[in-house]
Amino acid sequence: MSHKNKIENKKIVIMVHTGGAHTNLKSIERAILNGKINAEISAVINDNEEALPILDKISPDYICLAGWKKIIPEEMITKYENKILNLHPGLIPDTKDQLVENPDGTKALWNKGAYGDKANQNFLDQKSTFAGSSIHLLTHEFDFGPVLGKTFEKIENNDNVESLYKRLKVKENELYVEVLEKLTN
């Protein structure tokens, strides 16, 4: 590998939930192997580990939260400003007073403060026409920050949380790869 390639490769750390399926991690690994993402995974940290000392040793270009369940400390958000990507199970607007529209023009749900099954149940309870997710940069404002990408999944009449999430998860995996592809190339 030439010196030039080493400089271009970004270092990413993926922070995962211990009990998760790690589908985002697997999608990112595949995309790196296939040359879509110009990066190396420097570490995978699970939510049983203390992240900050590991991150300080690596000094990653990007930190990808992929099912991470712990609150990220303010110190870490400050230290890694504009480097922490979060997958949020809702459609975060670009500004706090903006509404995101679903592909059919109906109001999209932000799902601020909700995660996992609760977020997907909210799409069903609110009779939304689409579920969706956003990848955003983590900021000191809870569940808000610059949006790097959004994905939508049409809700079917017979959907439950599991059936909806199964389809949405595929799109979330693709979205994470697309966002990292843009950031690293």
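The values are calculated or read from the model by the stated rules, or taken from the named source; none is laboratory data. The shown structure was predicted, so the numbers you read here are calculated from the model rather than taken from an experiment. With ideal geometry, Cβ positions are generated from the backbone for all residues, glycine too; neighbour counts draw on all protein chains shown. For the accessible areas, the whole protein counts, side chains as well, though only heavy atoms, and no ligand, DNA or RNA atoms are used. Shrake-Rupley method; radii C 1.70, N 1.55, O 1.52, S 1.80 Å.
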Inset, instruction - Select from region 124-148 the residues that are outside any helix (DSSP H, G or I), open to solvent by 50 Å² or more (accessible area, probe 1.4 Å) and either among the acidic types (Asp, Glu) or under 17 Å from residue 175 (Cβ atoms) (or both) and list them in ascending order. - result: 141, 146, 148
Inset, instruction - Could you tell me whether any residue of region 107-117 is part of a loop (DSSP other than H, G, I, E, B), of a type in the set (S, T, N, Q) and open to solvent by 50 Å² or more (accessible area, probe 1.4 Å)? - result: no
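Would you point out which residue out of 71, 41 is over 19 Å from residue 149 (Cα atoms) and open to solvent by 70 Å² or more (accessible area, probe 1.4 Å)?
Only one candidate qualifies: 71.
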Legend entry - Residue among 165, 176 that is under 16 Å from the mean Cα position of the chain (by Cα), at pLDDT 95 or above and open to solvent by less than 20 Å² (accessible area, probe 1.4 Å): 176
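Quick one: which of 132, 145, 113, 90 is in contact (Cβ under 8 Å) with a residue 24 or more places away in the chain, out of contact with any strand residue (DSSP E or B) (no Cβ under 9 Å at 6 or more places or on another chain) and within 22 Å of residue 17 (Cα to Cα)? Talk me through it step by step, then tell me what you get.
Values: 132 fails: out of contact with any strand residue (DSSP E or B) (no Cβ under 9 Å at 6 or more places or on another chain); 145 fails: out of contact with any strand residue (DSSP E or B) (no Cβ under 9 Å at 6 or more places or on another chain); 90 fails: out of contact with any strand residue (DSSP E or B) (no Cβ under 9 Å at 6 or more places or on another chain).
It is 113.
Per-residue answers, yes or no, for (1) crowded, with 21+ Cβ neighbours inside 10 Å; (2) not in a loop (DSSP other than H, G, I, E, B):
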residue: 81; (1), (2): no, no
residue: 95; (1), (2): no, no
residue: 122; (1), (2): no, yes
residue: 153; (1), (2): yes, yes
residue: 157; (1), (2): no, no
Legend entry - Residue check, residue 77 at pLDDT below 95, open to solvent by less than 30 Å² (accessible area, probe 1.4 Å) and within 26 Å of residue 15 (Cα to Cα): no
Inset, instruction - Being of a type outside the set (Asp, Glu), touching a Lys or Arg at 6+ places or on another chain (Cβ under 9 Å) and free of Cβ contacts under 8 Å to residues at least 40 places away in the same chain is the filter here, so list the residues in region 93-107 that pass it. - result: 99
